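Only one structure is covered here, and it is reproduced in the block below.
The values are calculated or read from the model by the stated rules, or taken from the named source; none is laboratory data. All of these numbers come straight from a predicted model, not from anything done at the bench. Cβ sites come from the backbone with ideal geometry, for glycine too, and all protein chains shown count toward neighbours. Areas reflect the complete protein model, heavy atoms only, side chains present, ligands, DNA and RNA absent. Shrake-Rupley method; radii C 1.70, N 1.55, O 1.52, S 1.80 Å.
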Amino acid sequence: MILDKEQLRKNLDEVIWNIEEARITVSEHHIVKLVIVSKYTEVENIATLYELGQRAFGENQVQQLKERINTLDDLPLEWHMIGTLQKNKINNLIDLRPVLMHSLDSIELAQELNKKLEAKSSNISCLLQINAAREETKSGVAPEKAKDIYHEIRERFKNITLKGVMTIGAHTDDTKVIQESFETTRKIYENLKKDGASICSMGMSGDYELAIKCGSNMVRIGSALFK
Ligand SMILES: *Cc1c(COP(=O)(O)O)cnc(C)c1O
């Protein structure tokens, strides 16, 4: 559905206001970046959100990311890859030069990615995805292994720049369980700060205020903006 500018302005204002309220409870100095997830919406809405001041957008599929980058080529947008990366799409993703890939979820993927980056003399910034709630349906590394895997990727794969961690909140209505998954990830993030981690990407439409209160500094929001 293509939304008019006033509707998108209203939705964006509401989300920004909620982010503001949540971040101020953490600290005046706690800055949160909004990445708008455009995977379910029309390209027209992305252009309108750009007019309203938004720059950062995220997609979860390489093919759609490519189409959108091409269509919106004349706008100075910042693109994030947030979805699971299939090995056969690695070369395509590298060529798109996203500003950040949130979903590096295994050593094997890091190895493949690094090999192809080397061949292209390229590099990419990534977050290590953590399966904080240990859900079978989700990708990501187990929380207790995250620190070692982070270090291993940093040491072995020089064309990958790790910038922090990402998680998807637990899939449940139980707020306590969701909060635990965010807190688990936040602790890992705090531990990795001395290794240069600066991004803790967590929070989606249903749980971003909670995620921010648990220390997130990057939220990925889709459906709350497109209603
Ligand atoms: C779709 C998606 C989002 C946004 O989800 P909404 O609930 O629509 O805000 C955030 N992160 C990831 C990894 C996603 O796939």
Placing each pseudo-label 7 Å from Cα in the direction of the beta carbon, K193 and N88 end up separated by a distance in nanometres of 4.3 nm
Simple SL model, points at 7 angstrom along Cα→Cβ for T172 and E152; separation in nm is 2.8 nm
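Evaluate E = 1/(1 + (r/R0)^6) for Q111 and S27, where r is the Cβ-Cβ distance and R0 equals 35 Å; express this FRET efficiency to the nearest 0.05. All intermediate terms of the calculation are to be shown ahead of the outcome.
On the way: r = 38 Å, r/R0 = 1.09.
FRET efficiency, Q111 to S27: 0.40.
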With label points set 7 Å from each Cα along the Cα-to-Cβ direction at E6 and R97, the distance between them in nm comes to 4.0 nm
Carbon/sulfur accessible area of the chain, % of total, 1.4 Å probe, equals 45 percent
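Using a probe radius of 1.4 Å on heavy atoms only, what accessible surface per residue do you get for region 5-221? Whole Å² is fine. Kindly include the intermediate steps, with their values, before the conclusion.
On the way: 10550 Å² over 217 residues.
So region 5-221 comes to 49 Å² accessible per residue, rounded to a whole number.
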For T71, the net charge from surrounding residues (Cβ-Cβ under 11 Å; K, R +1; D, E -1) works out to -3
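Hey, with R₀ at 30 Å, roughly what FRET efficiency would S121 and E20 work out to, going by the Cβ-Cβ distance, to 0.05?
0.10
Counting each DSSP H run of 4 or more residues in the chain as -39500 (n - 2.57), what helix-only mean residue ellipticity at 222 nm follows after dividing by all residues, to the nearest 500 deg cm²/dmol?
Details: 8 runs with 99 residues, N = 227.
Mean residue ellipticity, 222 nm, calculated: -13500 deg cm²/dmol.
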Across A142, A119, A197, the residue with the highest GNM fluctuation in the chain (Cα network, 10 Å cutoff) is A119
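Tell me the net charge near V26. Cut-off is 12 Å between Cβ atoms, V26 excluded, with +1 for each Lys or Arg and -1 for each Asp or Glu. Please list the in-between numbers first.
Values: positive: R23, R186, K213; negative: E20, E21, E28, E209.
Once positives and negatives cancel, what remains is -1.
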Note on the chain, DSSP bridge orientation, antiparallel percent to nearest 5 equals 0 percent
Taking the reciprocal of mean 1/r across every pair of different Cα atoms in the chain, the Kirkwood radius in Å is 17.8 Å
Comparing P98, P143, P76 in a Gaussian network model of the chain (Cα, 10 Å), the one with the largest mean-square fluctuation is P76
